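The values are calculated or read from the model by the stated rules, or taken from the named source; none is laboratory data. Predicted, not measured: the structure shown is a model, and the values here were computed from it. In this analysis, Cβ positions are derived from the backbone assuming ideal geometry, glycine residues included, and neighbour counts consider all displayed protein chains.
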Amino acid sequence: MGHLSGWIAAPLLIVVVASASVWFSLLVRRRHALEKLIENNEIAGFKFGVVGVLYAVILGLAVVAVWDDYKTAQATSAMEANDVADIYRDSASLDRKIRDPIHHELRRYAKAVIEEEWPTLHEGLASVNAEKSLDHLFPIVLGIDPIGAREQNVADELVRRLNSLADHRRGRILDAQSRMPSLVWAALIAGGAITISFTFFFGNRNARAHSLMTALLSGFITLLLYVIHDVDSPYSGDARLEPDAMKAVQTRIASDLD
């Protein structure tokens, strides 16, 4: 799935799981008399309702959890870009000897994040050059010797923004490394398999209708699990976040050099 587009991988996976579910359903019908299966409908229907509700709650919580994490990752990367833009803008009023090194490192940082760090975020890797730019920025900003209240305010704001930039970058890398625990995935997959398997033991005289319902249920569960898997990795897959905010800041900074 990691090498295929979601528009190809998801339908393929749905077809495979749905086909397997229908095959198992027909296998059960061959091995057990239809009248025996019909006798199970009442008790199986009650148990299926309980299992279905429990699984729906767990599945819903998983969808909400990964979506919240995805939106948090999106916000973190946007705030990181905002910090770069704010530091660049606020430092513009400083003496050229201080301003130019800050602007130079900010340009290096944005370039390293976009071209080096972002392509490897799906592996949770960080760019050495981006880290070096931050390491160079701190002594420059902390070494400002302000003259007057105005420069003191600017220096204080730059320190605050630089710390915020470091925090947001660290948060972005942690977001890239964070995944849903394997135990939760085991529960989701096992719960889906159990929910689908309950449909095998219902008696329905219309085999086609029964197979269609089994296929639709298994396909829907598979689709949701695929979406959870894709969104759980905010920097990979079809739903991956792109460095659009940082690119916009880079373009803005580059326009000042023209």
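Here is a list: Asp83, Asp69. Which entry is surrounded by 15 or more Cβ atoms within 10 Å (Cβ to Cβ) and in contact with a His (Cβ under 7 Å, 6 or more places away or on another chain)?
Criteria check complete, one pass: Asp83.
Condition (residue is within 30 Å of Ser77 (Cα to Cα), buried (at least 17 other Cβ atoms within 10 Å of the Cβ) and within 32 Å of the chain's Cα centre (by Cα)) applied to the stretch 142-155: is it met by at least one residue?
Scanning the stretch 142-155, I find no residue that is within 30 Å of Ser77 (Cα to Cα), buried (at least 17 other Cβ atoms within 10 Å of the Cβ) and within 32 Å of the chain's Cα centre (by Cα), so the answer is no.
Output the residues belonging to the stretch 31-46 that are of a type in the set (A, V, I, L, M, F, W, C) and either more than 42 Å from the chain's Cα centre (by Cα) or not in a helix (DSSP H, G or I) (or both).
Matches in the stretch 31-46: Ala33, Leu34, Leu37, Ile38.
Looking at the stretch 67-81, I want the residues that are within 20 Å of Ile228 (Cβ to Cβ) and touching a residue at least 12 places away in the same chain (Cβ under 8 Å) and have a partner that is part of a helix (DSSP H, G or I) and of a type in the set (Asp, Glu) with Cβ atoms under 6 Å, at least 6 apart or on another chain. Which pairs are those?
Matching pairs, first to second residue: Ala73/Asp175.
Any chance the stretch 193-204 includes a residue that's crowded, with 19+ Cβ neighbours inside 10 Å, under 23 Å from the mean Cα position of the chain (by Cα), part of a helix (DSSP H, G or I) and in contact (Cβ under 8 Å) with a residue 40 or more places away in the chain?
Looking through the stretch 193-204, none of the residues is crowded, with 19+ Cβ neighbours inside 10 Å, under 23 Å from the mean Cα position of the chain (by Cα), part of a helix (DSSP H, G or I) and in contact (Cβ under 8 Å) with a residue 40 or more places away in the chain.
Return a yes/no flag: does the stretch 168-181 have any residue that is part of a helix (DSSP H, G or I), among the aliphatic types (A, V, I, L, M), at pLDDT 90 or above and farther than 30 Å from Ala130 by Cα.
Looking through the stretch 168-181, none of the residues is part of a helix (DSSP H, G or I), among the aliphatic types (A, V, I, L, M), at pLDDT 90 or above and farther than 30 Å from Ala130 by Cα.
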